Structures are given as structure tokens and as C-alpha cells.
Amino acid sequence: METNQYLELFIDESNEHLQSINDRLLELEKNPEDLTIVSEIFRSAHTLKGMAATMGYQDLANLTHQMENVLDGVRNEKIYVDSEMVDIVFDSMDDLEAMVLDISQGGAGERDVTKVVELLQAIELGEELGQKQKGLSSVEKAQTDRIMQIDEFTRTVLEQSKEQGLFNYSINVTLREDCMLKAARVYMVFEVLEQMGEVVVAQPSVEELENENFEDNFMVLFVSAQTSEETKAKIMKVSEIEAVDISNYQLSDKSVQQGSAEKNEISEDAGTSREKEEALPNNKQTANKTIRVNIDRLDILMNLFEELVIDRGRLEQISDELQHSDLQETVERMSRVSGDLQNIILTMRMVPIEQVFNRFPRMVRQLSRDLNKKIDLKIIGEDTELDRTVIDEIGDPLVHLIRNAIDHGIESPDEREMNGKQATGSIELKAYHSGNHVIIDITDDGGGINRDKVLQKALDNHVVTEEQAEKLSDPEVYELIMSSGFSTADTISDVSGRGVGLDVVKNTIESLGGTITINSQLSQGSVFSIQLPLTLSIISVMLVEVQKEKYAIPLSSIIETAIINKSDILRAHNKEVIDFRGSVVPLVFLKNVLEVPDELDEDGYYSIVMVRKGNKMAGLVVDSFIGQQEVVLKSLGEYLSGVFAISGATILGDGQVALILDVNALIK
């Protein structure tokens, strides 16, 4: 079998299953008696094993099978869940993730897992084998694992069919373990059934069956005039069917299938939603409406649209110059349509920040154990969406901030209790939208930042002078911890304390067009707040002119524009400043910074663009304002990547190139 064409799909789905197992394991450790969680983990592991075996990655399949045996023991109450058992399963997860990573990099997914396999086998054999479900056939076992629930609507359908002389069947279909396309087999079974009667309820739900979110068997309630022997014979004609068990469905007082001795209710409530019960395979609208698209294709689509945006700007300019009514009307319509298209394309690139957040619960669990601290991690707003480019870059900065909060922020349990706090510290990771930005807050209830200690360290390291230190506000002092090589840690640990990390965090966030601010209260905790743009490709800017050159300033950094008289300019510390709403704001003359040739006579006033970066402001002095515009941000390439105060370029409607200013660099 040629598997190369399925490799990308295999890697994507494997990572999804591995992440699901990681998340569920953390839940299981907190609720070791909840067997529904075990069933979900087992289902993901079983699917992963089947996928790996089909693709020929035997080491991956074998390790998953060994982990599956342990989970099966837990599910059958033969193995008790404790932290040591979860640790070993997590170790096996590390190996599985390493194998998938190797496969994604072109490897064969081979790895020496002898040690972890021995540990898993020890868990499996170290418990007394229970007798529960012993001796049952696979079909009987599947039936006792599940209870078919129905609601009043379904009960009425079954009662009416019985009055009409039809048979109500409970059908349990078991697929072969090596079945590769389970959803296709399910679909074929439903096709056969619909030729003979009507499927009333499916369990798991139709959606889960289509997504192959089940093990080897599924159940349906089926109404037909055919005998059970005829029905079974026709189902068995579908290939890769292991067994079919059919019995007459008897309506009990509790609407629960008789003979189901187990109390393991399924995690999805298949009987309380009329929509799910009516979602039969012949209703085409229930089909999965999502497809996987390679990110490279989306990048190509975005690049093509960026060219369209440039041409749109050119057409708008030509239309204004010619003042032709039909042309203007057509261009206006094209602008509206391309605007809608822009929103759709940008939305296609948006992914939930959950992809970044879901790695942190396990990391916090491990770090808290390594540091002997008790920490409760709360995640809010994980469904907030960001551009894929931003998502790819923001992971490492968040890792640094959370590790920093655990090591420096949260105190030890004894110290917290001495200070009247709960022994368990709290870290909250929250994401939410604010205008065209996404805000990510990392909040802890630890010891906070010691202002005096930070300031003294900054003076010792010559980061600031005595004169500067006296004028710094609290937020400005806190920002000093993000200086290069700065650390207030008394000891260096494996987690942090070497003075590397926060400066990288700051640089990475600023390279994405974002900002980071810090608020803290001693003994109460700290908040690190990150502001990020929704997308990096198409941005809104203010076009300005400096002499005969045009520049673009991102609107996200602009407070307002103003025109001032030269007589309003003051001097302080050998710098030209202005009084802006009671604050002293320095002026930055762009013609001097950018070394623009001075060709025009100066008037008696200045055009000012007031910009902000965190708590700092500056007034950019320009010659004139052109107006607001949406532009495509283009990189200058590696050769020009180090140009001061320039973050990129764009092509305007008249074909001219306008450089996009880096406001953060100018304010520095």
C-alpha cells in the first residue's frame, strides 16, 4: 500500500490524538474514579495504534498497544490510577511524541522504548487480575460497555412501529481490528440498513462515527419488516465486519436496553438530543464540513490577495484622478467585494490559541512537582483566534513567562501559609479580543515583584543611573527585568535565574508588532499582559510625507495627530519636547532619523503624529499627512533586515514604495 499520500494527514491526526490523551490524563489524575475519561483516552490510543500500524510504523504501534493494555486494565478496574502510574504513561507519551516528530522530519519513527515498555508491563502485571467481564465474547463485552438511552420522541417512534407490525432491533456491529477506513464501513452498513428499514438512533452519534471517534463497534436501534436473520446476512456482506449481534429491542419502563448489566454510561448523551437522533446518514447536511488545507497553500492565497490589494489601491487612485462615474462605481463595488474576500482569507488563517495553551497544563504539573510547589492553572479564552503566523511564534515567550511565574512568582506552600495564603498557588492564563488586537494575561497570586530589589540590581548592573532611577514609575521599574542579562534570582536553577528569557520574550513580542506590560503588587502577585495584532499580513496605516518621501505608520501605535506652532516646542535635558495633555512628550524628527535630504522650505508649524509604546509616548515630526489606508506588509529581506526603525515596506496605488516605520524602535 502506498502511504506517502496519507503521511501529512497521519501526522496531523496523530498530534491531535496525542494532545487529547495528554489533556485527558491530567483530568484522570484529578478524578481517578471517572472511567469515562479512561474510555476517551483508550479510544484515542486505539485509533493512534491502528493508524500507525496501517502506515507501517511498528515501533509506534507496539508502544501504543502496550499503553493501551494498561488503560484497558484501568478501564476494567484491574489497575488503580495514581501519580506514579500517570507518570509512566506520560513518559510513554513523550516517546510517542518524539516518534511522531521524527516521522514529520522524514524519519522512520524508530526509538528505543525498552525501559518504558518494561515499566508499562510491570503496571499491567503487578495488579491482581479481576474477574469482571472475564469470559465474555467481544460482542457481549461491547454490549456491556454501553447503555442505549432514548428519549420520549424515540420511544414514540418505536411504539408506533411495533403497533404497525414492524420489528425493533438492537444491532451491535463489530469491525475487524485491522479495519483501515472505519467511517467508510459504517457508511456502507447504514446504506444496507436504509434499504431494509429505518435507523432510529446510532450510538456513538453519527457525527462521532463519521469522525471515526469510536473503537471497533457501534450500536443502532433499527426498525424494519425484515427478519433478524435476513438483516444480519446483508450486513455481514459488508467487508471488514468482524461480527453482527442482533436482538429484539424491548421497551422498558426506564427506556434502557434490558440485559445491560454495566453502569458505564457513554460520555456523549445520545438520547437527549432530537437533532442527533434525526441526523441519519441520508441527511447529507450532517456530513463533516471541514477539510484540511496545507498552510503553504493559504500562504500562496494570501500572497495573491496581497497583490490584489495593491492593484485595488492603484485602481482607486486612477478612479479619483479620472472622475469617471461608471469607473468609480465599479471600483467602489470591487473594493467592497475584495474587502469581504480579505476578511474571509484572514479568517481562514485564524486558529484558536488553544493550540498553544494546551501544552501548559502538563508543563505546570511537572514543574510544580520538580519545585515542590502546589499550583492550580486556570485557562480562560482558549477559543480566542489568532493568525497562524502569530500562533507559531508566541508559544516560546509564553513558556518563559509561565516558568518564570512558577519559579519566581509562586512561593513554597510553607511560605504561603505563613503569609496567610492558601498552600496552593494560582496561575491564570487568559486570552481575549480587544479591538484589532488579542490580549494575553498571565496572572499569578505569588509574592509579586520587589521594586527596590529590581532597582538596586539595575543600578548595580548599570542599566540605569541614579538620576534616572529616581524618576522611574513602578511599571517602568518592573520593565527593567526584561533587560538583557537581568535576573533577580538569588540562585540559578534548572528552571530560571540565568538572566536569559525575558529579554527574548520582549524582543519576540515586539517583532510581532506587539507589546508587553507588567503590573505587580508585593506579596499579592503579578500580571504580565501581552498585546498582539490579529494578523501580520495586511495592516491599517497612516501615510505621511517627509520631504518628498512617503512613510507608513501603523494605526495601532497612533494616539492622535496634531499640528503645533514651532513656538510651542520646549527644551528639556537637551531634547525638544512638547506639552501634550499635561505630559512632557519628546519629539522625533523623522527627517533627521531617516536622513532625508532637506529640499523644502520649512513653515512656522509642525505636523505631529503622537505614538505610544506601553507607557512611553513620542511625537513624530512629519511634513504632511496623506491619510489612512490598508496596506500589505512586505519584508525587506535578509539583506536589509537590520535597517533601523524600518519594519517593512509596501507598494502604494501609484506604484511607489513606502517604508513602514517601527514605532517601538523610534520611541527607544
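Read-outs throughout are calculated quantities, based only on the coordinates presented, and are distinct from any laboratory measurement. Remember, predicted model here, so these are calculated numbers, not experimental data. Ideal geometry is used to build each Cβ from the backbone, glycine not excepted, and the neighbour counts take in all protein chains shown.
Okay, here's what the table says:
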read-out: ³J(HN,Hα), Karplus 6.51/-1.76/1.60, whole Hz, each residue of the range 313-323, x for Gly, Pro; value: x, 5, 5, 4, 5, 4, 4, 5, 6, 7, 6
read-out: Karplus 3J(HN,Hα) series, Hz, for the range 449-456 with 6.51 cos²θ - 1.76 cosθ + 1.60 (x for Gly, Pro); value: 9, 7, 4, 5, 5, 5, 5, 5
read-out: FRET E, pair Glu595, Lys234, Förster distance 56 Å, beta-carbon r, rounded to 0.05; value: 0.10
read-out: Amide H contacts of Ile375 (H built 1.01 Å from N, under 5 Å, at least 5 apart or other chain); value: Gly425
read-out: Gyration tensor verdict on the range 538-667 (Cα atoms; rounded if a/c is under 1.5, prolate if a/b is larger than b/c, oblate otherwise); value: prolate
read-out: Estimated inter-spin distance, Lys30 and Ser511, nm [label 7 Å along Cα→Cβ]; value: 3.5
read-out: Proxy reagent accessibility, fewest Cβ within 10 Å first, across Thr330, Thr650, Thr47; value: Thr330, Thr47, Thr650
read-out: Amide H within-cut-off set for Glu242, under 5 Å, with H built and near neighbours excluded; value: Thr174, Leu175, Arg176
read-out: Members of Lys550/Lys634; Lys421/Lys616; Lys373/Lys616; Lys49/Lys234; Lys78/Lys182 lying beyond 27 Å, as alpha-carbon distances in this model show; value: Lys421/Lys616; Lys373/Lys616; Lys49/Lys234; Lys78/Lys182
read-out: Fully extended contour minus Cα-Cα distance, from Glu118 to Asp414, at 0.36 nm per residue; value: 102.8 nm
read-out: Global geometry of the range 4-126, whether rounded, prolate or oblate, following the gyration tensor of its Cα atoms and the 1.5 cut on a/c; value: prolate
read-out: For a label point 7 Å along the Cα-to-beta-carbon line of Val293, residues of the range 352-377 with backbone N under 17 Å; value: 352
read-out: For the range 189-237 versus the range 32-82, the gap between their alpha-carbon centres in whole angstrom; value: 26
read-out: Computed lengthening from Lys374 to Glu321, 0.36 nm per intervening residue step minus Cα-Cα distance; value: 12.3 nm
read-out: Proxy reagent accessibility, fewest Cβ within 10 Å first, across Ser325, Ser39, Ser228; value: Ser325, Ser228, Ser39
read-out: C-alpha center-to-center spacing [the range 367-412, the range 317-339] in angstrom; value: 49
read-out: Residues of type aspartates and glutamates that Lys374 reaches as a straight line, Cα spacing below 16 Å, ignoring anything fewer than 8 places off in the same chain; value: Glu29, Asp407, Glu411, Asp414, Glu415, Glu417, Glu428, Asp444, Asp445
read-out: Distant-in-sequence amide H partners of Ile660 (H built 1.01 Å from N, under 5 Å); value: Ala552, Ser647, Gly648, Ala649, Thr650
read-out: Segment Phe644-Ala225, extension gain: residue separation times 0.36 nm, minus the distance between their alpha carbons; value: 142.8 nm
read-out: Neighbour-count ranking [beta-carbon atoms within 10 angstrom, fewest first] of Lys548, Lys634, Lys421; value: Lys548, Lys634, Lys421
read-out: Label-point separation in nm, Asn358 to Arg111, each point 7 Å along Cα→Cβ; value: 1.8
read-out: Three-way shape call for the range 352-533 based on the alpha-carbon gyration tensor, with the a/c threshold at 1.5; value: oblate
read-out: Mean Cα-pair separation over length for the range 352-533, i.e. relative contact order, pairs under 8 Å, 6 or more apart, %; value: 23
read-out: Nearest-0.05 FRET efficiency for Lys575 and Thr330, computed from C-beta distance (R0 60 Å); value: 0.70
read-out: Modelled FRET efficiency - R0 56 Å, Gln160 with Asp82, Cβ distances, 0.05 increments; value: 0.65
